[in-house]
Amino acid sequence: MVELRSVKKIYKERTVLDVPQLCIRDGESVALAGANGSGKTTLLRILARVLRADCGTVTAPDDVLYLPQHPYAFRGTVLDNVLIGAKEEREKARQLLEELELSALADKRAQSLSGGELQKLALCRVLIRPCALLLLDEPTAALDTRGTELVRDALARYKTQTNCTLVFSTHAPQLAAKADRLILLRDGRIDAHGGTPAGTQERP
Ligand SMILES: Nc1ncnc2c1ncn2[C@@H]1O[C@H](COP(=O)(O)OP(=O)(O)O)[C@@H](O)[C@H]1O
Ligand SMILES: [Mg+2]
């Protein structure tokens, strides 16, 4: 289970995240929506433990994979980059590249990709491994409609295969619609009137 209690993040006396309570049950998928600056990335970084909350407690599995908001490429080819996630998994890497329509680029230098191609590659690098908690920060921000659908379908497959808990931020309605629950953030707080069951409680 993922649980936040009395979590706050404060920058220079400005509270950018204030979550009294949030529980996400195992296997649940949660979409984080909200305007720029509403605290989505801050929340995901705290769950990923790359950022510490200033107070409160965070309970989350250790087995976490986190895709940051801005995708990047390592040196080497596209295929090399996917294999960074799991060296032995060549077959799986090829399959993921196929699913995200990147196969034709497998031998291309990863650092020469377009923004959208790079975003799909960064996702492949993450999805090659199973995990208990998958955190994705705007995984389709640079993608067109087709790319967004490919990511949506790849995530659905990954979720079925791993039964992971999934938390992702997005502005894409096609992606948000697939989540079990939508949490709307407004100025760092969970908006009780946005999305499905209020966001602070588990669903029955
Ligand atoms: N390192 C930082 N220093 C100061 N302010 C920050 C820092 N990181 C984030 N913020 C502020 O926190 C607020 C929430 O940011 P963020 O979580 O990135 O929002 P979102 O992902 O929803 O766009 C924003 O107002 C942002 O400017
Ligand atoms: Mg963000």
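Bear in mind these aren't lab numbers, they're just calculated from the coordinates by the rules spelled out. All figures in this text were calculated on a predicted structure; none of them were measured in a lab. Counting neighbours? That spans all protein chains shown, and the Cβs are built from the backbone with ideal geometry, glycine included.
Name the residue that is surrounded by the fewest Cβ atoms within 10 Å (Cβ to Cβ), counting only residues in the stretch 144-177 that are among the aliphatic types (A, V, I, L, M), farther than 17 Å from residue 24 by Cβ and away from ligand 2 (no atom under 16 Å from the Cβ).
177
Starting from the stretch 1-13, keep only residues that are over 9 Å from residue 54 (Cβ atoms) and within 16 Å of ligand 2 (Cβ to nearest atom), then list their pairs with residues that are part of a strand (DSSP E or B) and not hydroxyl-bearing (Ser, Thr, Tyr) whose Cβ atoms are within a distance under 8 Å, requiring at least 6 positions of separation or different chains.
From residues that are over 9 Å from residue 54 (Cβ atoms) and within 16 Å of ligand 2 (Cβ to nearest atom), there are no pairs.
What are the pairs, 6+ residues apart or on separate chains, where a residue within the stretch 127-155 that is without any contact (Cβ under 8 Å) to a residue 24 or more places away in the chain has its Cβ under 7 Å from a residue that is in a helix (DSSP H, G or I)?
none
Can you confirm whether residue 48 is within 15 Å of ligand 2 (Cβ to nearest atom), surrounded by 13 or more Cβ atoms within 10 Å (Cβ to Cβ), within 11 Å of the chain's Cα centre (by Cα) and more than 18 Å from residue 5 (Cα to Cα)?
Taking the combined requirement at face value, the residue does not satisfy it.
Residue by residue through the stretch 31-45, note down the ones that are in contact with a strand residue (DSSP E or B) (Cβ under 6 Å, 6 or more places away or on another chain) and near ligand 1 (Cβ under 6 Å from one of its atoms).
34, 38, 39, 40, 41, 42
Collect the residues in the stretch 1-14 that are assigned to a strand (DSSP E or B), among the charged types (D, E, K, R) and more than 8 Å from ligand 1 (Cβ to nearest atom), keeping them in residue-number order.
Passing the criteria: 3, 5, 8.
Of all residues in the stretch 8-51, which are touching a helix residue (DSSP H, G or I) at 6+ places or on another chain (Cβ under 9 Å) and closer than 16 Å to residue 171 by Cα?
If the condition is that a residue be touching a helix residue (DSSP H, G or I) at 6+ places or on another chain (Cβ under 9 Å) and closer than 16 Å to residue 171 by Cα, then 29, 31, 32, 33, 34 are the ones that fit.
Does residue 79 satisfy being more than 30 Å from residue 107 (Cβ to Cβ), buried (at least 20 other Cβ atoms within 10 Å of the Cβ) and either touching a residue at least 60 places away in the same chain (Cβ under 8 Å) or not hydroxyl-bearing (Ser, Thr, Tyr) (or both)?
On the way: more than 30 Å from residue 107 (Cβ to Cβ): no; buried (at least 20 other Cβ atoms within 10 Å of the Cβ): yes; either touching a residue at least 60 places away in the same chain (Cβ under 8 Å) or not hydroxyl-bearing (Ser, Thr, Tyr) (or both): yes.
Answer is no for this residue.
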